[in-house]
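Before any comments, here is the structure.
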Amino acid sequence: MQKFIPSLLVAAVSVALTGCLQSDKQDEKVEINKNPYPSTYQSLPSTNTLIRHATVLTGTGERIDNADVLMIDGKISQVGVGLSADGAVEVDASGKWLTPGIIDVHSHLGVYPSPSAESHSDGNEATQPNTSEVWAEHSIWPQDPGFQRARAGGITTLQILPGSANLFGGRGVTLRNVPSHTMQGMKFPEAPYGLKMACGENPKRVYGGKKVSPSTRMGNMAGYRMAWAEASEYKRAWDKYEADYAAGKNPEAPARDIELDTLKGVLEGEILIHNHCYKAEEMAMMIDLGKEFGYHSGTFHHAIEAYKIADKLAENGNCAAMWPDWWGFKMEAYDMVQENVAIVDAKANSCAVVHSDSATTIQRLNQEAGKVMYRANDNGFDIKPEHAITWITANAAKSLGIADKTGSLETGKNADVVLWNRNPFSVYAQAEQVFVDGAKVYDRFDEKYQAKSDFMLGQQ
Amino acid sequence: MKLFKTSLIALALATASSASADTIAITNAKVHTVTEQGVLDNATVVIEDGVISAINPDSVDADTTIDAQGKNLTPGLIGSMNQLGLVEVSAVSRTRDAGEEKADITFDASAAFNPYSTVIAYSRKGGITTNVVVPYGGSKMFKGQAFVADLSGDLDSIVSTNSAVIVDLGAKSKGSRAFEIQKLRHKLEDAQKALAKAAEKAKDDKKSEKEPKRDEKIINSLLSGEKPLIAYAERATDIMALLALKKDFELDLVISGAGDALRVAEHIATAQVPVIIGTIGNLPSFDALHSSLESAAKLIDAGVNVIFAQSGDTHNLYQLRFDAGVAVANGVSKDNALAAVTANVADVFNINAGRIAVGKKADLVLWSDDPFELSTKVEKMWIDGVEKSTTSRHDALRERYTAESELPRAYTK
């Protein structure tokens, strides 16, 4: 467990032996490459486009009727009424609705792809409870036809997470939903990594069943705490190395540990926590766990009981990513209420997100949000479409740490846009055109913009 | 105000099953009969003794009259192919009664049906009044038999048992799919021979034959067409093999799943075999490479009798109407979509419901608007003519956690 200690000892000894030489010469500084699999994403060919006369939900809580949206060089240039632009392709969107590109913070596309096959089941490294060293991006099969299906549903950005078998499942990665035959070709440039953690039933069932820890919820907590304690030591060792080196000494670098690199990234605020956690009492403990070790507890995923601690989530700045109505498949999903998202959302400074965790419902995340809005309004809430859209756009972008780049139709942001045939919160709603960085990536009525995965190509 | 609402819910939960023998007239409704009558505007439906006794009578003399204000009245929706009442929490083994390792063709899970399951009250929110429950069975090809239950939440919920035989065919994680199709054919052939032999023998010596075993009787009921055979199958080749069995043995065949049905839609239509499909499954498997959201519309256009079933976990049954809406968005007419969750199911499983017609069970739903729309809710519903609440435990939890109270939440009841 304390894997780096021996090398620290070696370092200490070597510093002691060579102490007299330290001012003479420094060895080359050991730097950790934090981006070894960099994005190669390039936006698809685009033209400047002016979409006119749409009902626009901006993602900032605003609705503008009969509005125009101008996309220039892949960015949102202007949103307003009566715009014009020389040389821009005009799209008449009379009677149609326009929203920011839809963002799903919880997907396993590519790591649990279709067709379901043993050979492609790459989402859970269920071999030990802490696998912070694995990265979901290394499992992604970019040919998963599910990516095309999701694009037809308006998904422009999505986070691919490892599964929830482990206390620490590994790193998640945020993708642009564009066709590519490499993972790097989809990777969202400069999006932070996520770290998947899991509370509750799954880890204790998976490892309890193997007669190893954790087999209880207290075992879960012990597992997190031991890992964070070790990560704190690891970070301290690297911080000391950095400080000593900066002071002109010639320290020996701590031994590299890929697992602890990820946890250290969290402690440094560079990697965001995405925590599969259903129950109120467990989320409350995970918030304290973050405080105990000095990191932010991030986004709670599934969060069936978030409504029970809505105040606490808002106070602590946690996002909660939820389903509208999934429940009952296990004990920790028993206390579902259909207004969960709305109750969380009603608090000041809240961050309510609707997620899918499904290759099927990711295709209709708009309707998933709609179900919440209508059920809440049936029961005393007054939620408007211009607000409900934030659950699958702006708030989702905030959860993923990319709110400065996408999630709303504000000037200068990436031109990620969906044109809907009608109010997107209707069961009959369909995305007609989808744009990522100003480039059309899907058109319901033009086969040219309907990508097909290698897997489907040439199938009888 | 919140506290008041909470007590209303408690009341609703307590009186959810109060019976009524009075006549009820629902007036001024947009009545979707799902019969040749089509849709009747400003219509009146009268309920008496749990059945529909009149539609648009000359005069109305009912104990209770409900003005529907022009809203949609449909038959109650009929769910199918799930484990309603047999599972409370899927991952809690002691609340599961749909599977049994030793289950065979005789397995009838209806004795385990729990009318007090919270899933039942919750499913009423989706306008579901009746459900065809199927067991998981065990490792054998035959999973047991379906039964029909209503969603009244009463002890007498079971409508009929041994309603259909379930057989699981198609892709296998071990072994070959051919083996089980072959086994099914052999079983039917052997039973047919045995019946012929018994008939011959009975003619010769007029001595009463020894009674067939339970499983033999069930196979015989398939051969006589008394009982439908529901076969899970996806790939076109499996469907064709089943159609051949139907032809050779004159089975009352129903295919469930049928992801690849579109390739052989004409054959299915010609054979008049109903198919039970999910409308939202559009991800490829090797058995159903081309399933798409348009499959439902194309099958219906090809003349196939289609039933929609909610796919996945039983707890999602209430979403059936939304799935029907997705089918409509992808080309199915609203009338056909409604039939696919009412009359078509009733026909296949011999349920006296699913249509608004005189003599049918008064399983009715009055909707705030379009039954398939996300924004619509159930305003009123009746099962066997008794009004039922759509309130469930979920509402009580919501009220508890949105109520104002100085005491811990546990005191808000």
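The values are calculated or read from the model by the stated rules, or taken from the named source; none is laboratory data. Not measured: the values here are computed from a predicted model. Using ideal geometry, Cβ is built from the backbone for each residue, glycine included, and neighbour counts are taken over all protein chains shown.
At a glance:
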{"quantity": "Residues being within 30 Å of B:LEU73 (Cβ to Cβ) and outside any loop (DSSP other than H, G, I, E, B) - total across region B:111-132", "calculated": "12"}
{"quantity": "Of all residues making up region A:75-98, the number that are touching an Asp or Glu at 6+ places or on another chain (Cβ under 8 Å) and either free of Cβ contacts under 8 Å to residues at least 24 places away in the same chain or more than 30 Å from A:LYS384 (Cα to Cα) (or both)", "calculated": "3"}
{"quantity": "Any hit, region A:406-420, residues being more than 30 Å from B:ARG400 (Cα to Cα) and facing chain B (nearest Cβ under 10 Å)", "calculated": "no"}
{"quantity": "Unique residue being more than 30 Å from A:GLY298 (Cα to Cα), away from every other protein chain (no Cβ under 14 Å) and within 23 Å of the chain's Cα centre (by Cα) when the list is A:VAL353, A:VAL434, A:VAL441", "calculated": "A:VAL441"}
{"quantity": "Of residues in region A:435-453 being touching a residue at least 24 places away in the same chain (Cβ under 8 Å) and closer than 14 Å to A:PRO45 by Cβ, the one surrounded by the fewest Cβ atoms within 10 Å (Cβ to Cβ)", "calculated": "A:ALA451"}
{"quantity": "The listed residue being without any contact (Cβ under 8 Å) to a residue 12 or more places away in the chain, within 14 Å of chain A (Cβ to nearest Cβ) and crowded, with 19+ Cβ neighbours inside 10 Å, out of B:VAL119, B:VAL89", "calculated": "B:VAL89"}
{"quantity": "Failed item in (1) modelled with pLDDT of 95 or more; (2) surrounded by 15 or more Cβ atoms within 10 Å (Cβ to Cβ), with A:ALA85 passing the rest", "calculated": "(1)"}
{"quantity": "Unique match (being more than 25 Å from the chain's Cα centre (by Cα) and either on the phi > 0 side of the Ramachandran plot or within 13 Å of another protein chain (Cβ to nearest Cβ) (or both)) among B:THR402, B:THR391, B:THR376", "calculated": "B:THR402"}
{"quantity": "Region A:392-405, subset of a type in the set (A, V, I, L, M) and touching a strand residue (DSSP E or B) at 6+ places or on another chain (Cβ under 9 Å), residue farthest from the other protein chains (Cβ to nearest Cβ)", "calculated": "A:ILE402"}
{"quantity": "Residue pairs meeting the criteria (Cβ under 6 Å; at least 6 apart or on separate chains; first more than 16 Å from A:THR393 (Cα to Cα), in region A:359-379; second surrounded by fewer than 24 Cβ atoms within 10 Å (Cβ to Cβ) and among the basic types (Lys, Arg))", "calculated": "A:ASP378/B:LYS377"}
{"quantity": "B:SER160 being polar (S, T, N, Q), at pLDDT 95 or above, closer than 27 Å to B:ASP347 by Cα and assigned to a strand (DSSP E or B)", "calculated": "yes"}
{"quantity": "Any hit, region A:403-414, residues being surrounded by 17 or more Cβ atoms within 10 Å (Cβ to Cβ), on the phi > 0 side of the Ramachandran plot and among the charged types (D, E, K, R)", "calculated": "no"}
{"quantity": "Every residue from region B:224-239 that is touching a helix residue (DSSP H, G or I) at 6+ places or on another chain (Cβ under 6 Å) and of a type in the set (A, V, I, L, M, F, W, C)", "calculated": "B:LEU229, B:ALA231, B:ALA233, B:ALA236, B:ILE239"}
{"quantity": "Test result for A:GLY101, surrounded by 24 or more Cβ atoms within 10 Å (Cβ to Cβ), within 14 Å of chain B (Cβ to nearest Cβ), in contact (Cβ under 8 Å) with a residue 60 or more places away in the chain and not polar (S, T, N, Q)", "calculated": "no"}
{"quantity": "Unmet criterion (only one of (1) out of contact with any helix residue (DSSP H, G or I) (no Cβ under 9 Å at 6 or more places or on another chain); (2) surrounded by fewer than 22 Cβ atoms within 10 Å (Cβ to Cβ)) for A:GLU268", "calculated": "(1)"}
{"quantity": "Filter result (surrounded by 14 or more Cβ atoms within 10 Å (Cβ to Cβ) and under 12 Å from A:GLN128 (Cα atoms)) within region A:204-227", "calculated": "A:LYS204, A:VAL206, A:TYR207, A:GLY208, A:SER213, A:PRO214, A:GLY223"}
{"quantity": "Single residue of region A:41-96 satisfying the filter (polar (S, T, N, Q) and farther than 17 Å from A:ALA415 by Cβ) that is farthest from the chain's Cα centre (by Cα)", "calculated": "A:SER84"}
{"quantity": "Enumeration of residues in region A:106-144 that are among the aliphatic types (A, V, I, L, M), within 14 Å of another protein chain (Cβ to nearest Cβ) and within 16 Å of the chain's Cα centre (by Cα)", "calculated": "A:LEU109"}
{"quantity": "Residue match in region A:301-324 (condition: away from chain B (no Cβ under 11 Å), among the basic types (Lys, Arg) and in contact (Cβ under 8 Å) with a residue 60 or more places away in the chain)", "calculated": "no"}
{"quantity": "Residue in region A:146-161 that is within 14 Å of chain B (Cβ to nearest Cβ), within 15 Å of the chain's Cα centre (by Cα) and under 24 Å from A:GLY219 (Cα atoms) present", "calculated": "no"}
{"quantity": "Region A:162-171 - residue that is part of a strand (DSSP E or B) and touching a Pro at 6+ places or on another chain (Cβ under 7 Å) and, of those, nearest to the other protein chains (Cβ to nearest Cβ)", "calculated": "A:GLY169"}
{"quantity": "All helices (runs of 4 or more DSSP H) inside region A:242-354 with 2 or more residues being under 30 Å from A:ARG364 (Cβ atoms)", "calculated": "A:280-293, A:310-316, A:340-345"}
